[in-house]
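The values are calculated or read from the model by the stated rules, or taken from the named source; none is laboratory data. Predicted model, so just to flag it, every value in this text is computed and none were measured. Here the Cβ positions follow ideal geometry from the backbone for every residue, glycine too, while neighbour counts run over all protein chains shown.
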């Protein structure tokens with residue numbers, strides 16, 4: 001059974017605020033909509049996935065427009081929201097290319113950001129009343 005807040009459509013400004021919250025803190029949009037179980041699963045799993053990628057010595061890619069694939073990876077990294085900014089602030093995510101787990105770490109970090117972007121789209125659809 002869905003929560004009452006998730007069953008009715010929201011105003012456009014509230015929808016965009018929910019999406020911003022969902023991007024900034026994984027799972028926050030679902031928590032706002034009253035879907036606690038999904039919100040907590042997203043919060044824990046996506047944050048741990050990002051942290052695990054950094055633990056595997058993955059890299060937080062810089063925004064380099066001259067290298068399009070690196071720029072796309074940087075956009076994907078930022079997709080996780082707050083954990084990205086926390087990682088940047090404490091200085092992790094330099095990545096060691098010689099580490100045997102480097103590519104796995106990159107994959108986890110990038111996938112966590114992209115999955116959070118899908119979670120934001122899910123919040124948008126739920127708030128619009130499409131789901």
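With respect to residue 26, determine if the residue is part of a helix (DSSP H, G or I), surrounded by 13 or more Cβ atoms within 10 Å (Cβ to Cβ) and either in contact with a strand residue (DSSP E or B) (Cβ under 8 Å, 6 or more places away or on another chain) or modelled with pLDDT of 95 or more (or both).
Judged against the criteria, residue 26 is not a match.
Run down 71, 51, 21 and say which single residue is surrounded by fewer than 20 Cβ atoms within 10 Å (Cβ to Cβ) and within 30 Å of residue 129 (Cβ to Cβ).
Of 71, 51, 21, the one residue that is surrounded by fewer than 20 Cβ atoms within 10 Å (Cβ to Cβ) and within 30 Å of residue 129 (Cβ to Cβ) is 21.
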